[in-house]
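Trainee: To start, I am sharing the structure in question, which I have written as structure tokens.
The values are calculated or read from the model by the stated rules, or taken from the named source; none is laboratory data. Bear in mind that the values here come from a model prediction, so they are computed numbers and not experimental data. Here the Cβ is made from the backbone with ideal geometry for all residues, glycine too, and neighbour counts use every protein chain on show. What goes into the accessible areas is simple: the full protein's heavy atoms, side chains included, and nothing from ligands, DNA or RNA. Shrake-Rupley method; radii C 1.70, N 1.55, O 1.52, S 1.80 Å.
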Amino acid sequence: MTSARPGISALLALGVFGFLVMTGAAAAQPVQLYSAGSLKGAWLDMIRAFDAETAIKVEPRFGASGLLKDAIVDGAKADVFTSANMEHPQALAAAHLSGPAVLFARNRLCALARPGLDVEPATLLDRMLDPAVKLATSTPKADPAGDYAWAVFRKADAMRPGALARLEGKALQLVGGPNSPPPPPGPAAQGRSAYAAFIAAGTADLFLAYCTAAKVAQQENPGQRLIELPPELEVAADYGLVVLNRAPPDAYRLAMFILSAAGQRILAQAGFGAPTLPQ
């Protein structure tokens, strides 16, 4: 995982290009936004604010970033792609399918724990390694959340040799893959969080997830607990966006709104790091 900072040249390139194309005729069709599912809550607020300011409609499609990237490569009609990592948008830019990849948000990995599980940050690795504890993650390669979970496993291996193999062997990849099962039915499934539903059903005891998603799950299911990763296991997530080639002018307006102070405040209110907000 890269530790990216907002690229000044990329921001300028996107801003200048966006300004130029905004002088053209407005597109009649809604902007097609392909986005990491972890952004869903923030993006619904973002889309409402963008519509109120510009009267431009946006049609979002949410999913695992890797799967969405593959769909775009295969010809899916996306105008803006917002990913939970930098690698997928950078791959589209390198393939000359989009403009430059720009960092627009940050996140972290946390653990969501079932009610009654004896776990704190200091004992998290012990519980993760415990054969009796069902540990769940997203799906590596298809979903950056899975890649970040594997980064946690590698950090654990540096602390306790052999931990990587044990954690890889026991991790239940329950979400984010092309064939992931639907969340189990029940009260927890009525909310936004698949993580909470799997824990409520007893499929998992611990779920490594984005801190923003774990917070939503905890709010929807107060008995579940958000556990911060200890410093030696911390993994940060950088989020990147691109505007696809042949996107309409309104797509650039959406990208610039996301990078604006108003858009960054919406991300910050949803719990994301907002790298372009003034300090």
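Trainee: Starting with the highest mean, order 230-239, 205-214, 131-140 by the number of other Cβ atoms within 10 Å, averaged over the residues of each peptide.
Mentor: Values: 230-239: 17.5, 205-214: 25.8, 131-140: 19.6.
Ranked by mean Cβ neighbours within 10 Å, highest first: 205-214, 131-140, 230-239.
Trainee: Next up: Roughly how many debye, to the nearest 20, is the charge dipole of the stretch 131-173 about its Cα centre, given +1 on each Lys and Arg Cβ, -1 on each Asp and Glu Cβ, and no other charges? Working shown, then result.
Mentor: Numbers: 7 positive and 4 negative charges, 34 e Å.
Dipole of the stretch 131-173, to the nearest 20 debye: 160 debye.
Trainee: Taking the Cα centroid of the stretch 220-279 and of the stretch 112-141, what is the distance between the two, rounded to the nearest whole Å?
Mentor: Taking the Cα centre of each part, the stretch 220-279 and the stretch 112-141 sit 26 Å apart.
Trainee: On the protein heavy atoms, probe 1.4 angstrom, tell me the percent of accessible surface of the chain carried by carbon and sulfur. Display every interim value, and only then the final one.
Mentor: On the way: 6960 of 12460 Å².
The computed percentage sits at 56.
Trainee: Add +1 for every Lys or Arg and -1 for every Asp or Glu among the other residues with Cβ under 10 Å from the Cβ of F272, and state the total. Walk me through the intermediate numbers first.
Mentor: Working: positive: R106, R108; negative: none.
Here the count lands on +2.
Trainee: Under a point spin-label approximation (7 Å from Cα along Cα-to-Cβ), what is the K141-E228 distance to one decimal in nm?
Mentor: Between K141 and E228, the simple spin-label model gives 3.5 nm.
Trainee: Which aspartates and glutamates, on any chain, are close to K134 with Cα under 13 Å apart, when same-chain ones fewer than 8 places away are left out?
Mentor: Correct list for K134: D126, E168, D205.
Trainee: Would you list D51, D143, D45, D74 from the most to the least accessible area, probe 1.4 Å?
Mentor: Working: D51 45, D143 20, D45 75, D74 130 Å².
The ranking, largest first, comes out as D74, D45, D51, D143.
Trainee: Quick one: dipole size for the stretch 124-235, taken about the Cα centre, charges +1 on Lys/Arg Cβ and -1 on Asp/Glu Cβ, in debye to the nearest 20. Show your work: numbers first, answer last.
Mentor: Working: 11 positive and 11 negative charges, 25 e Å.
Roughly 120 debye, rounded to the nearest 20.
Trainee: Moving to a separate point now. Pairs to check: K69/K155; K40/K170; K40/K215. Give those whose C-alpha atoms are more than 19 Å from each other in this structure. All intermediate terms of the calculation are to be shown ahead of the outcome.
Mentor: Values: K69/K155 27 Å; K40/K170 29 Å; K40/K215 14 Å.
Beyond 19 Å: K69/K155; K40/K170.
Trainee: Let me check I have the definition right: for the chain, take the eigenvalues of the Cα gyration tensor, multiply each by 5, take square roots. What are those semi-axes in whole Å, largest first?
Mentor: Details: eigenvalues 236, 72, 56 Å².
Three semi-axes, in Å: 34, 19, 17.
Trainee: Quick check for me: using +1 on Lys/Arg Cβ and -1 on Asp/Glu Cβ, what's the dipole size of the chain about its Cα centre, in debye to the nearest 20? Each step should come with its number before you reach the end.
Mentor: Working: 24 positive and 23 negative charges, 32 e Å.
Around 160 debye, computed over the chain.
Trainee: Run the numbers for A268 and L172: contour at 0.36 nm per residue of separation, minus the present Cα-Cα distance, in nm.
Mentor: Gain on stretching A268 to L172: 31.5 nm.
Trainee: Dipole of the chain (Lys/Arg Cβ +1, Asp/Glu Cβ -1, origin at the Cα centre): which of I47, G176, H88 lies farthest to the positive side?
Mentor: Result: I47.
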